[in-house]
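Notes for the one structure printed next.
Derivation of every value follows stated rules applied to the coordinates shown; laboratory data play no part. In this text the structure is predicted, and so the values were computed from the model without any measurement. No Cβ is skipped: glycine too gets one built from the backbone with ideal geometry, and neighbour counts run over all protein chains shown.
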Amino acid sequence: MPKDELFLITGATGKTGGGAARLLLEQGRRVRALVHRHDDRSDALQHAGAEIAVADLLDFDGIKTAVRGVSAAYFCYPIMPGLIDATTFFTQAALDAGVRSVVNMSQISAHPEAGSHAARDHWLSERLLDRADLMTTHLRPTFFAEWLKLWWELRNGEGYLRLPFGLGRHAPIAAADLSRVIAAILINPEPHDRAVYTLHGPADMNHHEIAAVIAATLGHPVHYEPLSVETFTKAMLDRGMPERRVQHFSQVALDYRDGVFSGTNDNVQRIGGSSPHDVTQFVRDNERDFRTSGPNFVPA
């Protein structure tokens, strides 16, 4: 793809979108960053060389403006209502604007019979994109390593992960590794057309094993305390988390226990060009975040 091609990054102030935007800019590529508002994060992207477009993915007119002149796009929608509408608006606008390819952030639990409403909608979103005249790649990551920070509690000098995942397993994947995969496919989409990639970190572990790795890295005890799904659900609702998100997290906890999130493969290295971060490296890179409690921990 010529270097004067324009890449649209939705969710550009998020972890995967922001990382992909910066990787493209570092390679001298033109980037249009789609954001909800001007703030410090969008200012930083603009300072790095990105063009800033302000719009919501549920605003059809705004999306039509954002995709003008775009060659390839990264489509990422949060765990909120509206994914099917957003996909429809985005796909039609992209087709009308002559966009060639789309990288779609889906979920490993995307399935027509998924218990999570969000995961089911991601499966439907994939099918909508597949029916369009676009080169399309679907990414289905396991749980992000960043989840460990969100549900992390530091109490009396010891760490706690209180989560409803039983003895299920997964290989945590860092957002930075996903960003490399996204950028690589945007630049060279042809080999990945209609591909569905599950994406994993390097080591499949249960949360007792993850806690042990964090403990060894930080140098203090870390405990995994399995919760019931009901206890976890009530805690998230009591905290004020949106019902749609709580329903998703509760249902994917059951999927997790059933092995849906487990496994490893070489997709990150093969596509993104470098080995994925392991938990030790992730904790070292984010040690400041593990020196305090995260925003979502379930109190004892």
Practice task
Output the Cα-based Rg and Dmax of region 64-172 in Å, rounding Rg to one decimal and Dmax to a whole number.
Solution key: 17.4, 57
Problem - Distance between region 197-244 and region 17-45 - C-alpha centres, whole angstrom - result: 30 Å
Exercise for the section: Would you list which aspartates and glutamates come within 15 Å of LYS64, measuring only between C-alpha atoms, while excluding same-chain residues fewer than 8 positions from it? Expected result: ASP56, ASP85, ASP96
Problem - Taking the convex hull of Cα positions in region 183-300, its mean projected area over all directions (nm²) - result: 9.4 nm²
Fill in the blank from the handout: When the chain is treated as a Gaussian network with springs between alpha carbons less than 10 Å apart, the largest mean-square fluctuation among MET205, MET105, MET241 is found at MET241
Practice task
Determine, for LEU58, LEU23, the number of other Cβ atoms within 10 Å of each Cβ, and report the residues in order from fewest to most.
Solution key: LEU58, LEU23
Completion exercise
In a Gaussian network model of the chain with springs linking alpha carbons closer than 10 Å, the residue among ALA119, ALA235, ALA253 that fluctuates most is ALA235
Problem - Structure-based [θ]222 nm, the chain - -39500 (n - 2.57) summed over DSSP H runs of at least 4, per residue, nearest 500 - result: -12500 deg cm²/dmol
Problem - For region 1-125, the fraction of alpha-carbon pairs in successive 5 Å shells from zero, as % - result: 2, 12, 22, 23, 19, 13, 6, 2, 0
Fill in the blank from the handout: Residue separation between ASP193 and MET241 times 0.36 nm, minus their alpha-carbon distance, gives in nm 13.7 nm
Practice task
State the dimensionless ratio Rg/Rh of the chain (Rg: radius of gyration of Cα atoms; Rh: Kirkwood radius).
Solution key: 0.96
Completion exercise
Short to long, in 10 Å steps from zero, the percent of alpha-carbon pairs of region 113-272 per bin is 10, 33, 35, 17, 5, 0
Fill in the blank from the handout: Most exposed to least, judged by fewest other Cβ atoms within 10 Å, TYR224, TYR77 sort to TYR224, TYR77
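Counting DSSP beta bridges with both partners in the chain, what percentage is antiparallel, nearest 5?
In the chain, DSSP labels about 15 percent of beta bridges as antiparallel.
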